Amino acid sequence: MHGFGVTEFQLVLLRRMADFRPELVEDAVRRLGETRAGMREANKRWQAMLRAPGFPGGGRRYTAVLGPPEAVVARRIGDLVCSARQWALPLWPGLRFEVLTGPAEAGAPVLNAWLVRAADTPPPVLRTLADLRPWSCVVADLGAAFPPAVPREGSAPNRFRLDFTAPDADGRPQARTADFTWGLLQEVRPLDDPTRTAPD
């Protein structure tokens, strides 16, 4: 799409993360050579493109702005063989933006779109709650480190939650909820706390 590519798409991802981690987003926006106003404008353009009649549907919309995927992996979910397309993004070199689509090639519906660990990048070492820093891991990393993590619906589109138990610095198990945006960890809070709803 003219004037909308990888940098602008990263700004779209950051716009949602800013609800939780404005300080990390501010630094990332500067590294992209952009401003908060530019981030808001990129998000506004993305939303307008999604509503435009001629904009590609399904997984093709991501190819339109990110180019050909770095990898395409077949993934079985129950009886369905789905397609996982992955793109590298400069802001998160150890991760990939993954779009999971249904089995139909033409206009396949998007089942999920988020950041995942790159196949050639080892997951972080997660032993205690202290290791769970914002942006330190993705959903699968935390789920593998502290099973059985229980998935929950997030507070808004592109958000996800996991309930889990992990030891604190003294080795005592603590029940927690982790909030993710686009699959990337944003915060960890006590499980019995009132549900946080970040502003839109």
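The values are calculated or read from the model by the stated rules, or taken from the named source; none is laboratory data. Just so you know, these numbers come straight off a predicted model, no measurement behind them. Cβ sites come from the backbone with ideal geometry, for glycine too, and all protein chains shown count toward neighbours. Side chains included, ligands, DNA and RNA excluded: accessible areas come from the protein's heavy atoms. Shrake-Rupley method; radii C 1.70, N 1.55, O 1.52, S 1.80 Å.
Determine if segment 140-147 includes at least one residue that is in contact (Cβ under 8 Å) with a residue 60 or more places away in the chain and either open to solvent by 20 Å² or more (accessible area, probe 1.4 Å) or closer than 23 Å to residue 71 by Cβ (or both). No; the residues of segment 140-147 include none that is in contact (Cβ under 8 Å) with a residue 60 or more places away in the chain and either open to solvent by 20 Å² or more (accessible area, probe 1.4 Å) or closer than 23 Å to residue 71 by Cβ (or both).
The single condition from (1) acidic (Asp, Glu); (2) assigned to a helix (DSSP H, G or I); (3) under 13 Å from residue 8 (Cα atoms) that residue 27 fails is (3). Looking only at segment 47-95, filter to residues that are among the basic types (Lys, Arg) and in a strand (DSSP E or B); which one of those is farthest from residue 137 (Cα to Cα)? Ranking the candidates gives 76 first.
Residues in segment 1-58 that are at pLDDT 95 or above, surrounded by 17 or more Cβ atoms within 10 Å (Cβ to Cβ) and on the phi > 0 side of the Ramachandran plot: none.
Within segment 59-85, being surrounded by fewer than 17 Cβ atoms within 10 Å (Cβ to Cβ) and not charged (D, E, K, R) holds for 63, 64, 67, 68, 71, 72, 73, 74, 77, 78, 80, 81. Of all residues in segment 15-59, those satisfying the criterion of being touching a residue at least 40 places away in the same chain (Cβ under 8 Å) and under 20 Å from residue 90 (Cβ atoms) are 16, 17, 21, 24, 28, 31, 32, 45, 46.
Hey, among the residues in segment 153-168 that are more than 16 Å from residue 186 (Cα to Cα) and part of a strand (DSSP E or B), which one's least open to solvent (accessible area, probe 1.4 Å)? The extreme case among them is 166. For residue 156, are the conditions met, namely being modelled with pLDDT under 95 and over 22 Å from residue 92 (Cα atoms)? Taking the combined requirement at face value, the residue satisfies it.
In segment 169-187, which residues are part of a strand (DSSP E or B) and surrounded by 13 or more Cβ atoms within 10 Å (Cβ to Cβ)? First the steps, then the outcome.
Looking only at segment 169-187, we keep the residues that are part of a strand (DSSP E or B), and these are 173-181, 184-187.
Scanning segment 169-187 gives 174, 176, 177, 178, 179, 180, 181, 184, 185, 186, 187.
Restricting attention to segment 61-102, the residues that are among the charged types (D, E, K, R) and farther than 28 Å from residue 31 by Cα add up to 3.
Count, please, the residues in segment 115-152 that happen to be small (Gly, Ala, Ser), assigned to a loop (DSSP other than H, G, I, E, B) and closer than 14 Å to residue 95 by Cα.
Within segment 115-152, the first condition is being small (Gly, Ala, Ser), and the residues that meet it are 118-119, 130, 136, 140, 143-145, 149.
Cutting the leftovers down to assigned to a loop (DSSP other than H, G, I, E, B) gives us 118-119, 136, 149.
When the remaining residues are screened for being closer than 14 Å to residue 95 by Cα, the result is 118-119, 136.
Of the residues in that region, 3 qualify.
Evaluation of residue 98 against the conditions (1) among the charged types (D, E, K, R); (2) part of a loop (DSSP other than H, G, I, E, B); (3) open to solvent by less than 20 Å² (accessible area, probe 1.4 Å) shows that the sole unmet condition is (2).
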